[in-house]
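What follows is one structure encoded as structure tokens, with my remarks underneath.
The values are calculated or read from the model by the stated rules, or taken from the named source; none is laboratory data. Quick caveat, the model's predicted, so the values are computed rather than measured. Backbone-built Cβ (ideal geometry, glycine too); neighbour counts: all protein chains shown. To get the accessible areas, we keep the full protein, side chains included, count just its heavy atoms, and leave off ligands, DNA and RNA. Shrake-Rupley method; radii C 1.70, N 1.55, O 1.52, S 1.80 Å.
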Amino acid sequence: MQDSKLKAICPLEDLRAVSYLTRRITLKNQPSSALVFLFEGQPYSYVNHCMHMHRPLNCEQDAVFDETGKRLRCSMHGFIFDPKTGECQSPVCLGQRLQPLRLQAIDGTLYFAEKHLALID
Ligand code: FES
């Protein structure tokens, strides 16, 4: 029997074809959105919520990586984050972190593995 905290996101193969994707979620019953992406071959997910002014990272343009592809960048004011840790590297929010969401890959499918997370669509 499959673990009830697992919520299917997509086949891992689908993530390889895009820079990132978002999923509408609730987290502890609060509506939110999740960023999901592969970085150096590993899947990562964060709540799509910049701590600077509480906007989604892709709010101004359809992108969450900078031109190097090595750092996340909020499209609102350009704050930079480490894709592996979610840690902000811009002075105003230095050291603060995007909220990570646990993932699990099983048989080529990627799942959220968060007890208090539900998919909206
Ligand atoms: S809201 Fe993200 S950098 Fe300002």
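Side notes on the structure shown:
- Residue tally, condition away from the ligand (no atom under 16 Å from the Cβ) and open to solvent by 60 Å² or more (accessible area, probe 1.4 Å), over the stretch 42-64: 1
- Of everything in the stretch 90-118 that is surrounded by 15 or more Cβ atoms within 10 Å (Cβ to Cβ) and within 13 Å of the ligand (Cβ to nearest atom), the residue that is modelled with the lowest pLDDT is CYS93.
- Flag for ARG71 being free of Cβ contacts under 8 Å to residues at least 40 places away in the same chain, open to solvent by 30 Å² or more (accessible area, probe 1.4 Å), basic (Lys, Arg) and within 14 Å of the ligand (Cβ to nearest atom): yes
- Scope the stretch 64-110; condition polar (S, T, N, Q) and assigned to a loop (DSSP other than H, G, I, E, B); matching residues: THR68, SER75, THR85, GLN89, SER90, GLN96, GLN99
- Some residue of the stretch 41-61 being over 15 Å from the mean Cα position of the chain (by Cα) and of a type in the set (Asp, Glu): yes
- Options THR26, THR68; residue that is under 28 Å from SER4 (Cβ atoms) and of a type in the set (S, T, N, Q): THR26
- Considering SER19, SER4, the condition of being over 24 Å from GLY95 (Cα atoms), free of Cβ contacts under 8 Å to residues at least 12 places away in the same chain and surrounded by fewer than 18 Cβ atoms within 10 Å (Cβ to Cβ) is satisfied by SER4 alone.
- Here GLN30 fulfils each of the conditions (1) within 16 Å of the ligand (Cβ to nearest atom); (2) among the polar types (S, T, N, Q); (3) within 28 Å of ILE106 (Cα to Cα) apart from (1).
- Qualifying residue in the stretch 77-87 (condition: without any contact (Cβ under 8 Å) to a residue 12 or more places away in the chain and within 13 Å of the ligand (Cβ to nearest atom)): no
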